[in-house]
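Below: one structure, written as structure tokens.
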Amino acid sequence: MAAKGGLLMLENFIGGKFLPCSSYLDSYDPSTGEVYCHVPNSGKEEVEAAVEAARAAFPGWSSRSPQERSQVLQRLADLLEQSLEELAQAESKDQGKTITLARTMDIPRAVQNFRFFASSILHHTSECTQMDHLGYLHYTVRAPVGIAALISPWNLPLYLLTWKIAPAIAAGNTVIAKPSELTSMTAWMMCRLMEKAGVPPGVVNIVFGTGPRVGEALVSHPEVPLISFTGSQPTAERITQLSAPHCKKLSLELGGKNPAIIFEDANLDECIPTTVRSSFANQGEICLSTSRIFVQKSIYSEFLKRFVEATRMWKVGIPSDPSADMGALISKAHLEKVRSYIKKARMEGAQILCGEGVDKLNLPPRNQAGYFMLPTVITDVKDESCCMKEEIFGPVTCVVPFDSEEEVIQRANSVKYGLAATVWSGNVGRVHRVAKKLQSGLVWTNCWLIRELNLPFGGMKRSGVGREGAKDSYEFFTEVKTITVKH
Ligand SMILES: NC(=O)C1=CN([C@@H]2O[C@H](COP(=O)(O)OP(=O)(O)OC[C@H]3O[C@@H](n4cnc5c(N)ncnc54)[C@H](O)[C@@H]3O)[C@@H](O)[C@H]2O)C=CC1
Ligand SMILES: N/C(=C\C=C\C(=O)O)C(=O)O
């Protein structure tokens, strides 16, 4: 670890060693707008070195038993857990999220990702079919694919990176991971635990830097046969183009324009606080965040009044304030992008009921240049508006009325995305009926973000390709072979 001007300089982690890079990027603290560390600006050279290390480590790691690999994952989980507070502080500073969310969600889930796949890798079975009348037996075997490229975004840095690293190495692959250049800190901190956890050199390699430079070098490398990516749809398109000539295996977890559908028989005492959380937790920077709220006409006015009141109680504060509900957005550019949607909504004649441009944000003097904004509720907005169609990925949600079940299903499905929906109703039959008709990879009814890691996670339409979860990740990170035996 080096320091430039007193600021920490992260290093790539390749073949079990920390290696400096020839150039560096500035990384900003979103709560102040100041540079607070430097991140390697890696490129082709670093990818070549990582491929060499991952290739060398593959024969040894892939031939270990699932039990041996599982023990290594368990040790890494324990070490992460022992560093929970330190990692949570770092994640909150690097990303802008509240310390409370980092402590209670991000880092515990990173620990859980390793524990979960350490266990699930022990329980897979393969298929076997008999053709006794002809004298044949068929069965399948699975083998790790090779070197996996894992590319993750900035919104849930360690949470999403480990959701990819854990299943990939549990299945016997070696990996080259590239976190977002905006949030590299906790990935680098995790590298410091690898040796102690017993992860052999070259099994986990991390190259830091930008998408166009190091990301593209990685995804187009001919010796990297599979790519797991979480991020935006335009980047997914680019990765698909670059990987197509090599016929790589692809898993793409992309954005959403997630509806909440609130029927007149919903329990509003539960629905309102949960929908405030689903709209604004992590500054609305979660692919599963609610951004279109459809409310049945008979309860529309009451819902809107109570929802706006509850939103105004959602406290924006500096990330280290344990009482804050929301911190800073990731970057200045992102803050401006999110604000531009509110401006467009105003120009279209929509009403901004609270938040940006309506209420006052109170911040300490040191944080005036930070990337903060208030949670914002828009109404009187048409379904055709960009605010109702495009992923804003910020603390902005639209509330609109609806009449009937058929109508709301059609409107909820009328966007290019299909990731996550929530349905609020006391009518069990309706809940099942609506959930089945929604074009959405995930539907939460009368709740939000309750995760069962065994089951498929992923989106329909432009929200992605493939699913992640115990069985799905195992299938993605392995190649299957069918063997026939004459007897
Ligand atoms: N999971 C999700 O749904 C996410 C959605 N987004 C959406 O994307 C928008 C833009 O955010 P970005 O950080 O720019 O997302 P992005 O999709 O550009 O970045 C995600 C990851 O991909 C890498 N990357 C970018 N270009 C690449 C390329 N050509 N080849 C290989 N890797 C590449 C980035 O360095 C980062 O690690 C956000 O405003 C939001 O709407 C962003 C993050 C997560
Ligand atoms: N992929 C994202 C969230 C995943 C959450 C989970 O697995 O629980 C995202 O926000 O990009």
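Using the per-residue mean of other Cβ atoms lying within 10 Å as a proxy for protection, in what order, highest first, do the peptides 128-134, 316-322, 182-188, 140-146 fall? Kindly include the intermediate steps, with their values, before the conclusion.
Details: 128-134: 9.6, 316-322: 18.4, 182-188: 24.4, 140-146: 16.6.
Ranked by mean Cβ neighbours within 10 Å, highest first: 182-188, 316-322, 140-146, 128-134.
Taking the Cα centre of the range 221-371 as the origin, how large is its charge dipole in debye, to the nearest 20, when only Lys and Arg (+1) and Asp and Glu (-1) carry charge on their Cβ atoms?
With Lys and Arg at +1 and Asp and Glu at -1, about 540 debye.
Take each peptide in 7-19, 39-51, count the other Cβ atoms within 10 Å of every residue, and average; sorted highest first, the result is 39-51, 7-19.
If R0 is taken as 60 Å, the Cβ-Cβ distance between ASP26 and ILE450 corresponds to a FRET efficiency of 0.95.
Compute log10 of I(q)/I(0) for the range 305-397 with the Debye formula, placing one identical point scatterer on every Cα and leaving out solvent, at q = 0.17, 0.22 Å⁻¹, to two decimals. Reported log10 I(q)/I(0), two decimals: -0.74, -1.17. Between the helical axis of 107-120 and the longest alpha-carbon principal axis of the chain there is an angle of about 40 degrees.
For the range 234-383, the share of alpha carbon pairs falling in successive 5 Å distance bins from zero is 2, 8, 15, 19, 18, 13, 10, 7, 5, 3, 1, 0 percent.
Take the Cβ atoms of LYS305 and ASP403, set R0 to 25 Å, and the FRET efficiency comes out at 0.80. What are the lysines whose alpha-carbon lies under 26 Å from the alpha-carbon of LYS437, with same-chain residues fewer than 8 places away excluded? Leaving aside lysines fewer than 8 places away in the same chain, those within reach of LYS437 are LYS257, LYS297, LYS382, LYS389, LYS416, LYS461, LYS471.
Show me 252-258, 75-81, 240-246 ranked by packing, highest mean number of other Cβ atoms within 10 Å first. Mind dumping the intermediate values first?
Values: 252-258: 26.3, 75-81: 20.1, 240-246: 14.1.
So the order, starting with the most tightly packed, is 252-258, 75-81, 240-246.
Once you have a ≥ b ≥ c as the square roots of the Cα gyration tensor eigenvalues for the range 343-383, tell me rounded if a/c is under 1.5, and otherwise prolate or oblate according to whether a/b is larger than b/c. Judged from the Cα gyration tensor, the range 343-383 comes out prolate (a/c at least 1.5, a/b above b/c).
Remark: accessible surface ordering of LYS382, LYS437 (largest first) is LYS382, LYS437, probe radius 1.4 Å. Modelled spin-label separation between GLU475 and LYS297, with each label point placed 7 Å from Cα along the Cα-to-Cβ direction: 4.4 nm.
For the range 1-125, just say rounded, prolate or oblate: build the C-alpha gyration tensor, square-root its eigenvalues into a ≥ b ≥ c, call rounded for a/c under 1.5, and beyond that prolate if a/b exceeds b/c, oblate if not. Oblate, because a/c is 1.5 or more while a/b does not exceed b/c. Which residue, chosen from THR484, ALA369, VAL434, occupies the Cα position most advanced towards the positive end of the dipole of the chain, where the dipole is computed from +1 (Lys, Arg) and -1 (Asp, Glu) charges on Cβ about the Cα centre? Highest projection toward the positive end goes to THR484. Charge dipole of the range 383-479 (Cα centre as origin; +1 on each Lys and Arg Cβ, -1 on each Asp and Glu Cβ, all else neutral): 160 debye, rounded to the nearest 20. The portion of the accessible surface of the chain made up by carbon and sulfur, rounded to a whole percent, is 54 (1.4 Å probe; DNA, RNA and ligands excluded).
Given a Förster radius of 45 Å and the C-beta distance between LYS196 and ALA369 as r, what FRET efficiency does 1/(1 + (r/R0)^6) yield to the nearest 0.05? The partial results should precede the final answer.
Numbers: r = 39 Å, r/R0 = 0.86.
Approximately 0.70, to the nearest 0.05.
Around the amide H of GLU479, modelled in the peptide plane, lie the amide H atoms of ALA143, VAL145, all under 5 Å away and 5 or more residues distant in sequence or on another chain. Taken as Cα centroids, the range 377-403 and the range 291-312 sit 13 Å apart, rounded to the nearest whole angstrom. The long axis of helix 428-437 is offset from the longest Cα principal axis of the chain by roughly 60 degrees.
These residues, MET189, MET313, MET105, go from largest to smallest accessible area, 1.4 Å probe, as MET313, MET105, MET189. Normalised by 2.2 N^0.38 Å, where N is the number of residues, the alpha-carbon radius of gyration of the chain equals 1.01. Residue separation of GLN74 and GLN130 scaled by 0.36 nm, minus their Cα-Cα distance, works out to 16.4 nm of gained length.
Could you sort ARG292, ARG467, ARG433 by their accessible area in this structure, using a 1.4 Å probe and putting the largest first? Walk me through the numbers before you get to the answer.
Details: ARG292 5, ARG467 75, ARG433 105 Å².
The ordering from most to least exposed comes out as ARG433, ARG467, ARG292.
Taking every protein chain into account, the accessible area of the chain amounts to 40 square angstrom per residue (probe 1.4 Å). Other residues lying with their Cβ under 14 Å from the Cβ of HIS246 contribute a combined charge of 0, Lys and Arg counting +1, Asp and Glu -1. Computed from Cα positions, the angle between helix 268-280 and the longest principal axis of the chain comes to roughly 60 degrees.
Site pair ARG64 and ALA333 shows an inter-label distance of 3.8 nm when each label is modelled 7 Å from Cα along Cα→Cβ.
Accessible surface of TYR159, taken over heavy atoms with a 1.4 Å probe and every protein chain present, rounds to 20 Å². Give me the mean projected area, in nm² to one decimal, of the convex hull enclosing the Cα positions of the range 81-239. With every direction weighted equally, the projected area is 11.9 nm². When a/c is below 1.5 the answer is rounded, else prolate if a/b is larger than b/c, else oblate, so apply that to the range 274-319 with a ≥ b ≥ c taken from the square roots of the Cα gyration tensor eigenvalues. Oblate, since a/c reaches 1.5 and b/c is not below a/b.
Converting phi to 3J(HN,Hα) with the Karplus coefficients 6.51, -1.76 and 1.60 and the offset θ = phi - 60°, the range 151-167 yields 10, 10, x, 9, 7, 10, x, 6, 4, 7, 5, 6, 5, 9, 4, 4, x Hz in sequence order, with x at every glycine or proline.
The values are calculated or read from the model by the stated rules, or taken from the named source; none is laboratory data. Computed from a predicted structure; not experimentally measured. Reconstructed Cβ throughout: ideal geometry from the backbone, glycine too, with neighbour counts over all protein chains shown. Note: accessible area is taken over every heavy atom of the protein model, side chains too, but ligands, DNA and RNA are not part of it. Shrake-Rupley method; radii C 1.70, N 1.55, O 1.52, S 1.80 Å.
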